Amino acid sequence: MSTLEDLKWVRENNIELVKKYDKKWVAIKDKNIIEVAKSLNELKEKMKKRKEEEYIFEYINSTLFPSWDRG
């Protein structure tokens, strides 16, 4: 699965992700949250230990994406 598909998944599932991970950094691979942390540095350290090769980092928060406001 591509990271582009993971980014799309985050956008499509933002409301549910905010409910569970608001104000947290997450690592995502194949449309799954594989790690969670309070800071980006903490998440990077966790991911070094996992030795994953392809994933994305995303900060989850309740702020809507600007494009969502335009209807």
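The values are calculated or read from the model by the stated rules, or taken from the named source; none is laboratory data. Everything numeric here is computed off the predicted structure, so don't read it as measured data. So basically every Cβ, Gly included, is an ideal-geometry build from the backbone, and we count neighbours across all protein chains shown.
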Please list, ordered by first then second residue, the pairs with beta carbon atoms under 8 Å, 6 or more apart or interchain, first in the stretch 25-37 and charged (D, E, K, R), second surrounded by 14 or more Cβ atoms within 10 Å (Cβ to Cβ) and outside any strand (DSSP E or B). 29/6; 29/55; 30/6; 31/6; 31/9; 35/43; 35/46; 35/47
Just to be sure before I move on: is residue 61 exposed (fewer than 14 other Cβ atoms within 10 Å of the Cβ), modelled with pLDDT of 95 or more and out of contact with any helix residue (DSSP H, G or I) (no Cβ under 6 Å at 6 or more places or on another chain) in the structure I sent? no
Considering residues of the stretch 12-29 that are of a type in the set (A, V, I, L, M, F, W, C) and surrounded by 13 or more Cβ atoms within 10 Å (Cβ to Cβ) only, the residue nearest to residue 49 (Cα to Cα): 27
Give me the residue from the stretch 30-54 that is among the basic types (Lys, Arg) and under 19 Å from residue 14 (Cα atoms) and, out of that set, surrounded by the fewest Cβ atoms within 10 Å (Cβ to Cβ). 38
In the stretch 23-66, which residues are at positive phi and either in a helix (DSSP H, G or I) or more than 14 Å from the chain's Cα centre (by Cα) (or both)? 51
